[in-house]
Amino acid sequence: MPYVDGFIVPVPKKKIKAYLTMAKKAAKVWKEYGALEVRECIADDVKVGKWTSFPRSVKLKPGETVVFSYIVYKSRKDRDRVNAKVMKDPRLETMMDPKNPPFDGKRMIFGGFKVSVAA
């Protein structure tokens with residue numbers, strides 16, 4: 001079964017364009033090394049829940065939106081192989097301005113998931 005890395009990240013609305021530019025470049029790198037699919041999804045119908053929600057999960061601030069992203073791989077083993085190559089690729093370093101990043105990485109939530117149902 002495929003394997004998925006999932007991400008939830010807060011992005012300032014004024015930096016969406018910069019974020020998507022960076023994400024498109026990064027997606028090319030991931031796919032070049034073998035990722036099957038890369039998706040960046042900007043919140044459209046995401047409400048703040050009473051106890052939990054996407055906005056609460058990243059401590060969303062005024063002027064920000066939530067981005068949900070995922071990368072699909074053939075397997076966990078393939079994901080580990082792809083990510084090892086991606087993390088050594090010098091193009092990633094040049095994609096983000098460390099003085100003015102397009103998102104707050106400290107509030108990013110991420111993890112790897114086994115696909116249990118594929119329809």
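Roughly what would the spin-label model give for R76 and T52, points 7 Å off Cα along C-beta, in nm?
2.2
Give me the net charge for the shell around T65: Cβ to Cβ below 11 angstrom, other residues only, Lys and Arg +1, Asp and Glu -1.
It works out to a net charge of +2.
Would you kindly derive the ³J(HN,Hα) couplings of the range 35-47 from the backbone phi angles with the Karplus curve 6.51 cos²θ - 1.76 cosθ + 1.60 (θ = phi - 60°), listing them in order in whole Hz, with x for Gly and Pro?
Whole-Hz 3J(HN,Hα) from phi for the range 35-47: 4, 7, 7, 10, 10, 10, 10, 8, 3, 10, 10, 10, 9.
Can you tell me what percent of all Cα-Cα pairs in the range 3-114 are more than 22 Å apart?
In whole percent, the long-distance tail amounts to 34.
Tell me which residues come under 5 Å, amide H to amide H, from E37 once H is placed; ignore anything under 5 positions away on its chain.
HN-HN under 5 Å from E37: V72.
Which whole-number percent is the relative contact order of the chain (Cα, under 8 Å, 6+ apart)?
The value is 49 percent.
In what sequence do L36, L60 fall when counting other Cβ within 10 Å, fewest first?
Least crowded to most crowded, the residues run L36, L60.
May I ask you to evaluate 6.51 cos²θ - 1.76 cosθ + 1.60, the Karplus curve with θ = phi - 60°, for each residue of the range 73-88 and list the ³J(HN,Hα) values in order in whole Hz, giving x for glycine and proline?
10, 5, 6, 4, 4, 5, 4, 4, 5, 4, 5, 4, 6, 4, 5, 8
Where nothing but the Cβ of Lys and Arg (+1) and of Asp and Glu (-1) is charged, how large is the charge dipole of the range 3-114 around its Cα centre, in debye to the nearest 20?
In total the dipole reaches around 140 debye.
Show me the trypsin sites (Lys or Arg not before Pro) within the range 28-96 that DSSP assigns to loop and that have at most 10 other Cβ atoms within 10 Å of their Cβ.
Taking the range 28-96 and a limit of 10 other Cβ atoms within 10 Å, the loop trypsin sites (Lys or Arg not before Pro) found are K47, K50.
Fewest Cβ neighbours within 10 Å first, please rank I71, I8 accordingly.
Ranked by crowding around the Cβ, least crowded first: I8, I71.
Hey, fewest Cβ within 10 Å first, where do M108, M22, M1 land in order?
M1, M108, M22
Each value in this text was obtained by applying a stated rule to the coordinates, not by laboratory testing. What you see is a predicted model, and the numbers here were worked out from it, not measured in a lab. All Cβ positions, glycine included, derive from the backbone under ideal geometry; neighbour counts span all protein chains shown.
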